[in-house]
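Have a look at the structure below before the remarks.
Bear in mind that the values in this text are calculations on the coordinates, not laboratory data. This is a predicted model, so every value here is computed, not measured. For neighbour counting, all protein chains shown are included, and Cβ atoms are generated from backbone atoms with ideal geometry for every residue, glycine included.
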Ligand SMILES: C[C@](O)(CO)[C@H](O)COP(=O)(O)OP(=O)(O)OC[C@H]1O[C@@H](n2ccc(N)nc2=O)[C@H](O)[C@@H]1O
Ligand SMILES: Nc1ncnc2c1ncn2[C@@H]1O[C@H](COP(=O)(O)OP(=O)(O)OP(=O)(O)O)[C@@H](O)[C@H]1O
């Protein structure tokens, strides 16, 4: 296998993490249909691996528990990423993209975005394009609002529609349990429900919370738990009322706090340490209010060539 810039390689594999939004402040709908955000991302250690191999035509395959829900045509974000990089560098997108998927699909954890960022970095390395990091980030932003963060990882404040990133310092590791729901939620549908619930209301400018940024900088889990917030949570709960039962189950199992992850329906529980994570995960599975529970810590790095 190869590193960045090495040509003639037979295949390149990139590992990309999932994200949780520790704060998601949402403004009113913009004329272009998007919403301005103050979006505090944290990359967590659940990963997809994207492998690209030279082939006669562009082809996508996927393995993993949720693989049947992943589109294998040109709408796959990984395929779109490769086509954009090929067009920009005057190449044909002749690769086989294989996705080993462990991030829940349509779960609010940016799984598709991870694959887009992963395929982009993998083809950049396979082809030795010499495209700059800033150009790669521009392509990510064209692919979707969450995609730049999947490339960067760690922790970052996303403004604009979430694509303009400022890297944040984090003073420790935070432990999480993710309750995976049955079925997904559509991100546009959740934003649409946010608009419906806020019709006639003056929605304030989204602003990052000083207390939350301070808790991240200190690595203080109790303070972070008190500051977690997601303006899409009411909309996700409106579309999927049963998520309230999952949130209650995680909190009564001893989580410091719980919230809907991004547009949901995955719920995220911040816990004190790795032992607490195992206990809360077992209690969530036992409660029967979720399909599965996953344990992960963050921050972790963004997309990396293996
Ligand atoms: C909910 C989050 O995951 C939080 O990080 C993101 O805001 C969603 O990011 P994403 O999945 O990359 O979304 P995109 O592919 O850019 O946009 C999908 C759709 O979500 C809605 N959308 C997305 C981002 C944003 N700032 N405002 C929006 O209203 C729009 O309806 C848009 O058409
Ligand atoms: N590589 C991919 N993996 C998963 N879904 C993909 C991919 N490419 C396109 N999709 C489509 O995107 C939809 C959303 O999937 P994804 O897993 O990215 O959702 P999500 O985690 O809720 O995203 P986000 O948190 O960024 O809003 C899927 O239902 C699927 O149709």
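Some values worked out for this structure:
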quantity: Angle in degrees between helix 187-197 and the longest Cα principal axis of the chain, rounded to the nearest 10; calculated: 30 degrees
quantity: Cα gyration tensor, segment 207-306 - rounded (a/c under 1.5), prolate or oblate; calculated: rounded
quantity: C-alpha center-to-center spacing [segment 37-90, segment 228-266] in angstrom; calculated: 28 Å
quantity: Burial ordering of 131, 190, fewest other beta-carbon atoms within 10 Å first; calculated: 131, 190
quantity: Length added when fully stretched, residue 252-residue 272, from 0.36 nm per residue minus Cα-Cα; calculated: 5.8 nm
quantity: Sorted by Cβ neighbour density within 10 Å, fewest at the top, the residues 127, 176; calculated: 127, 176
quantity: Helix axis angle, 133-143 relative to the chain longest principal axis, alpha carbon, degrees; calculated: 70 degrees
quantity: For 269, 174, order by how many other beta-carbon atoms lie within 10 Å, fewest first; calculated: 174, 269
quantity: Length released on extending from residue 57 to residue 182, taking residue separation times 0.36 nm less the Cα-Cα span; calculated: 41.6 nm
quantity: The chain: antiparallel DSSP beta bridges as a percent of all, rounded to 5; calculated: 85 percent
quantity: Extension reserve of the residue 132-residue 83 stretch, reckoned as 0.36 nm per residue once the Cα distance is removed; calculated: 15.9 nm
quantity: Using a Förster distance of 22 Å, the FRET efficiency for residue 167-residue 234 (Cβ separation, nearest 0.05); calculated: 0.15
quantity: Folded to 0 to 90 degrees: helix 243-252 orientation relative to the chain principal axis, Cα; calculated: 70 degrees
quantity: Efficiency of FRET from Cβ geometry, residue 244 and residue 282, R₀ 22 Å, rounded to 0.05; calculated: 0.60
quantity: Percent RCO, i.e. relative contact order, over the chain, from Cα pairs under 8 Å lying at least 6 residues apart; calculated: 26 percent
